Amino acid sequence: MITIQGQGVCGGIAFGKLYRMTKGESKVKRAHISDADAEIKRFEAARARAYDELGGLYEKALGEVGEENAMIFQIHQMMLDDADYLESIRSIIADQKLNAETAVAMTADNFAEMFASMDDSYMQARAADVRDISERVITVLAGGVDGGINSSEPVIIAAEDLAPSETVQLEKSKILAFVTEKGSASSHTSILARTMNIPAVIGAAGITDKKYENAEAIVDGFGGKIYIEPNEEIVKEMTERKAELDKENELLSSLKGVKARTKDGQSMLLYANIGHIDDIAPAFKNGAEGVGLFRSEFIYLESKTYPTEDEQFSVYKAALEKMAGKRVIIRTLDIGADKRVDYFDMPAEENPAMGVRAIRICLTRPELFKTQLRALYRASAFGRLGIMFPMIVSVEEVTEIKRICAEVRAELKDEGVPFDEKAELGIMIETPAAALISDKLAREVDFFSIGTNDLTQYTTAVDRQNPTAARFCNERHTAVLRLIKMVVDNSHKCGIWTGICGELGADESLTELFLAMGVDELSVSPGRILPIKKKVLDTDVSEIRDAALELLK
């Protein structure tokens, strides 16, 4: 038996064969070219395709790992637009007359070395991101496609490093665990692994040695150990530990039909965040009581032109029918800032997070807005619909939204088109401005949903898309928590409910605080529903309220 010690970044026990994954870096062949302009154009075409592929990975990751973790692919898109990165590649092609593959590989090495040499662990982890985007461009240049797992049975992935894009693209049904020689606990891959609940160990030196190919192994994601060709004693010990874990998971599964209610009778609605119609199945599988955030922008992001009313209607109708009478809250178009759609032909902005995005696009393009609203109201006849508007900062905006909604309802009524007159209207609280006037906003709508990702960004003045500044973006900042409490209190005074649909809602260490605040609903990634439910069921709010609220002081 051989034991390799690494660092566990996601708990769990896995038994299976090791499957070595190798990268294609060695396939890059250095070649001199005669036409630098043509080679630069070839690079630009590959970069554009890689950019589009990353957009597709973002959409796929939304349903699997949630918006916060899926954003790595948008960060990768930003890195592909980085002026220094691009200038380096173009200069190598033009000045040294080298082929695009070599220019990209050389630039990747230089930038990765720069990041790896920094003292900050977060910045060191960015070295893997640079290599990931560069490998993607090189793969496109070589006319290749990303590989999968060439195995008929589930395996333990062993790799030198595992990029976020590789993690998302792999067939989850074939992964028992993954082990890497490199990586860090703060890398995006580690975060993705924890979100997807895949046992993972990093820093396992020698795990990719060819002699371990197809070897029987056990991965202990808690202790960070890999046992290769384990002896009977270790097999027995790990089997018993895995059995205990399986029992815990069975207990969680048994909670699917149980209402989330604390020991002293306080209820909490547990909904799912989804980014695609296909994500409804895992939401049901994990016992979601409804959909708290359906990101409608995927319809626009996956289209080459403005989606028609009928195209949108068919998607919304299907979502409502599949949820079989459970509440489905669909957020209206939320693009701009980090989500770009070419055919919208929006001018570049120096600070897009503060620019024309989300509801601001809708209110400046009313016909576009009305098309979506017509589709939504038509779909409301087939289920329990809530329509949610993002990035609200004033009562005047809500007044204008309600006027447009009234126009749409009047038009549909005149046309004899059925719809639900009682479809709820809600807004997202994502800015300090909205939180501070939530007492006024609560009089205008049926519910609030707090988007903690943007609320944190705007409260702390930290761009959450900036990987260098990310470590300063503290979602548990006292100011953010106080704003959440203020919003909840103001909503209850006006008789409406408040939920949280940002990533903070999935943080089990804050569940007791949210219960103490009186938050009515948490909408999280499907895989986080049952652990949060167990936390709610195990809590007696009367006993923990005072201690929990200490976080606000």
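In the chain, a dipole from Cβ-located charges (positive for Lys and Arg, negative for Asp and Glu) runs towards its positive end, and of S151, A353, L54 it is S151 whose Cα lies farthest in that direction.
Averaged per residue, what accessible surface does the chain expose to a 1.4 Å probe, in Å²? All intermediate terms of the calculation are to be shown ahead of the outcome.
Values: 23490 Å² over 553 residues.
About 42 Å² of surface per residue is accessible.
Using Cα pairs under 8 angstrom and six or more residues apart, how large is the relative contact order of the chain, in percent?
Details: 1035 pairs, mean separation 85.3, N = 553.
Rounded, it is 15 percent for the chain.
When only the Cβ of Lys, Arg, Asp and Glu is charged (+1, +1, -1, -1), the dipole of the range 383-523 relative to its Cα centre reaches about 380 debye. At the residue level, E248 shows approximately 110 square angstrom of accessible surface with a 1.4 angstrom probe and all protein chains present. Label-to-label distance, I149 versus R20, with points set 7 angstrom from Cα along the beta-carbon direction: 1.8 nm. Here, P(r) means the percent of Cα pairs in each 10 Å bin from 0 to the largest distance; for the chain it is 3, 16, 25, 26, 18, 9, 2, 0. Selection among S296, M323, P307 by position relative to the dipole of the range 284-327 gives M323 as farthest towards the positive end (Cβ unit charges, Cα centre). Working note: Karplus 6.51/-1.76/1.60 with θ = phi - 60° gives the range 276-292 the couplings 7, 4, 5, 7, 5, 4, x, 5, 4, 4, 9, x, 4, 7, x, 10, x Hz, where Gly and Pro are set to x. Split the accessible area of the chain by element, probe 1.4 Å, and carbon with sulfur accounts for 50%. The C-alpha atoms of the range 93-141 occupy a region whose extents along the principal axes are 35, 22, 9 Å, arranged from largest to smallest. Please work out the Cα center distance from the range 375-440 to the range 201-249, rounded to the nearest Å. First find each Cα centre; the distance between them is then 52 Å. Compactness of the range 216-367 is given as radius of gyration and Dmax, 22.9, 69 Å, from Cα positions. This model, with +1 at the C-beta of Lys and Arg and -1 at the C-beta of Asp and Glu, gives the range 192-245 a dipole about its Cα centre of some 280 debye. Shape class of the range 343-497 from the Cα gyration tensor (axes a ≥ b ≥ c, square roots of the eigenvalues): oblate, since a/c reaches 1.5 or more and a/b does not exceed b/c. Dividing the summed helix terms, -39500 (n - 2.57) for each DSSP H run of n ≥ 4, by the number of residues in the chain produces a 222 nm estimate of -14500 deg cm²/dmol to the nearest 500.
Share of Cα-Cα pairs in the range 383-472 beyond 18 Å, in percent? Taking all Cα-Cα pairs of the range 383-472, the fraction more than 18 Å apart is 53 percent. Exceedance of the 30 Å cut-off in Cα-Cα distance is limited, within the set K17/K322; K422/K535; K322/K535, to K17/K322; K422/K535.
Quick one: work out the % antiparallel among DSSP beta bridges in the chain, nearest 5. Please report the intermediate quantities before stating the final value.
Values: 19 of 59 bridges.
Around 30 percent antiparallel, to the nearest 5.
With a/c under 1.5 counting as rounded, go ahead and sort the range 293-342 into rounded, prolate or oblate using the C-alpha gyration tensor (a ≥ b ≥ c being the square roots of the eigenvalues; past the cut-off, prolate if a/b is larger than b/c, else oblate). Oblate. Among the listed pairs K247/K533; K304/K413; K174/K285; K60/K402; K60/K285, which are separated by more than 23 Å between their Cα atoms? In this structure, K304/K413; K60/K402 exceed 23 Å between Cα atoms. Placing +1 on the Cβ of every Lys and Arg and -1 on the Cβ of every Asp and Glu, with nothing else charged, gives the chain a dipole about its Cα centre of roughly 920 debye. Amide H to amide H distances under 5 Å link C10 with A200, where only residues 5 or more positions off or on other chains count and H is placed in the peptide plane.
Averaging over every viewing direction, what projected area does the convex hull of the Cα atoms of the range 416-553 cover, in nm²? Each step should come with its number before you reach the end.
Working: hull surface 42.3 nm².
Hull-based average projected area comes out at 10.6 nm².
Does the range 493-553 classify as rounded, prolate or oblate by the C-alpha gyration tensor (a ≥ b ≥ c root eigenvalues; a/c under 1.5 gives rounded; else a/b over b/c gives prolate, otherwise oblate)? Verdict is oblate for the range 493-553. Normalised by the number of residues in the range 319-445, the average gap of Cα pairs under 8 Å and 6 or more apart makes the relative contact order 29 percent.
The values are calculated or read from the model by the stated rules, or taken from the named source; none is laboratory data. What you are looking at is a predicted structure, and each value in this text was computed from that prediction instead of being measured. When we count neighbours, we look across all protein chains shown, and the Cβ atoms used for this are built from the backbone with ideal geometry, even at glycine. Protein only, heavy atoms only, side chains kept; ligands, DNA and RNA dropped before computing areas. Shrake-Rupley method; radii C 1.70, N 1.55, O 1.52, S 1.80 Å.
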